[in-house]
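Beneath this line is the structure, given in structure tokens, with notes to follow.
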Amino acid sequence: MPKMKLITVTFHRSTGYSYETDSFHNLMDRVWDAFDKKLDELVRKYNGSSIIDSFVHNSRSDHDGEEGYFTETLRCPEADANDLIRYFASLDSCADVTHDKSEAVEYKKAKKLTEAQLVFRRYKGKLRFVIPSVKCYEQHFVKGEATEYVLCNRNAPITKATFLKIFDGLFTKYDDCPFEVAVRDKKFVSKPRKDAKLSWTYRTSLDYHTSIENLKTLLAYARRGAKFIDFYLGGWREGDKLYLNDEIKVGIIKEQLAETKAKLAK
């Protein structure tokens with residue numbers, strides 16, 4: 001089998017006494033995003049070869065009180081290293097950007113990953129989905145506090161039964177955000193009360209505690225109308241929306257279903 005020389009590029013930044021400042025956290029986030037983006041570019045460039053499995057982005061940080069550091073590393077082809085080193089060095093003039101000695105890694109041709117597989121590979125474990133046509137409301141306020149959480153699917157392109165099957169068993173008594181409670185209680189209304197307040201949109205993890213049956217139902221629904229499903233990165237209220245076509249959305253769910261089946265088969 002042919003071989004390719006790989007090296008590891010390292011970006012190291014000491015915090016000095018500013019670990020807790022917003023500017024330093026913003027720098028950490030910006031550098032992490034840059035490494036993640038470059039890894040994605042490498043995977044796409046060498047797609048069709050098993051060598052992409054040898055490209056690795058690692059991140060670590062530590063602090064003691066106000067002092068600390070963060071380090072990002074990217075294992076990449078030697079041929080791409082100089083451009084990457086220059087790019088990473090431009091992110092912060094105070095950082096140490098270094099690289100280690102090259103090593104030869106064997107590889108072989110492989111089936112090219114589809115766009116859906118590339119997206120799933122990049123964001124695996126971070127994907128969250130929303131069915132935005134079903135709204136969650138807080139209502140029946142007593143002393144300024146909502147006492148009831150409800151769902152409204154009026155004019156939505158999804159039935160109550162399908163919606164509940166997608167989320168069946170996902171939320172426990174310890175999950176207490178408005179959306180979780182409304183789904184768990186199967187509380188649907190055709191029209192919210194006059195005092196109702198639209199709740200924030202809950203983003204459900206695609207893989208965390210999501211069962212095969214949940215995913216099968218979501219996949220069936222996506223095949224009928226993936227445009228009615230949105231994907232996000234990030235937590236409950238924050239995170240970036242991914243603007244994906246219907247084919248990629250369906251493909252992502254298929255990939256997650258296959259991975260979940262594989263995990264359960266072990």
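Can you run phi through the Karplus equation (6.51, -1.76, 1.60; θ = phi - 60°) for the range 119-125 and list ³J(HN,Hα) in whole Hz, with x for Gly and Pro?
For the range 119-125, the Karplus-derived couplings read 5, 5, 4, 5, 10, 3, x Hz, x marking Gly and Pro.
DSSP loop trypsin sites (Lys or Arg not before Pro) in the range 142-182 with at most 11 other Cβ atoms within 10 Å of their Cβ, which ones?
143, 173
For the range 3-112, with only Lys/Arg (+1) and Asp/Glu (-1) charged at the beta-carbon, what is the dipole magnitude about the Cα centre, in debye rounded to 20?
My answer is approximately 1060 debye.
Between their Cα atoms, which of 197/254; 5/216; 108/216; 3/249; 45/101; 112/173 are more than 32 Å away from each other?
Listed pairs above 32 Å: 197/254; 5/216; 108/216; 3/249; 112/173.
Under a cut-off of 15 Å between alpha-carbon atoms, report the aspartates and glutamates in cross-link reach of residue 111, not counting same-chain residues fewer than 8 places apart.
Result set, ordered by chain and number: 53.
Each label point is 7 Å from the Cα along the Cα-to-Cβ direction; what then is the distance between the points at residue 247 and residue 176, in nm?
Result for the modelled spin labels: 4.7 nm.
Which lysines, on any chain, are close to residue 194 with Cα under 23 Å apart, when same-chain ones fewer than 8 places away are left out?
Once the sequence-local lysines are set aside, what remains near residue 194 is 135, 143, 160, 186.
Go through the range 40-53 residue by residue and turn each phi into a ³J(HN,Hα) via Karplus (6.51, -1.76, 1.60, θ = phi - 60°); whole Hz please, and just put x for glycine and proline.
4, 5, 5, 4, 5, 5, 9, 4, x, 9, 6, 5, 4, 6
Taking 0.36 nm per residue of sequence separation and subtracting the Cα-Cα distance, how much length would be gained by fully extending the chain between residue 112 and residue 98, in nm to one decimal?
Length gained between residue 112 and residue 98: 1.9 nm.
For the range 3-112, place one equal point scatterer on every Cα, skip the solvent, and apply the Debye formula. What is log10 of I(q)/I(0) at q = 0.13, 0.19 Å⁻¹?
Treating every Cα as an identical point scatterer, log10 I(q)/I(0) equals -0.51, -0.92.
Listed highest first by mean packing, meaning other Cβ atoms within 10 Å per residue, what order do 212-220, 24-32, 246-254, 105-113 come in?
Descending packing order for the listed peptides: 246-254, 212-220, 24-32, 105-113.
If you plug each phi of the range 202-215 into the Karplus form 6.51 cos²θ - 1.76 cosθ + 1.60 with θ = phi - 60°, what whole-Hz ³J(HN,Hα) values come out, in order, with x for Gly and Pro?
Those phi angles translate into 7, 10, 8, 4, 6, 10, 6, 6, 8, 8, 4, 5, 4, 5 Hz.
Can you list, largest first and rounded to whole Å, the semi-axes you get for the chain by taking the square root of 5 times each eigenvalue of its Cα gyration tensor?
41, 26, 14
Using the alpha-carbon centroid of each, what span in Å lies between the range 100-123 and the range 160-175?
Between the Cα centres of the range 100-123 and the range 160-175 lies a distance of 36 Å.
Which of the aspartates and glutamates could be linked to residue 187 by a straight reach, that is with a Cα gap under 13 Å, when you skip same-chain ones fewer than 8 residues away?
138, 148
Here, each number is a calculation from the coordinates, and none is a lab measurement. Keep in mind it's a predicted model, so treat the numbers as computed, not measured. No Cβ is skipped: glycine too gets one built from the backbone with ideal geometry, and neighbour counts run over all protein chains shown.
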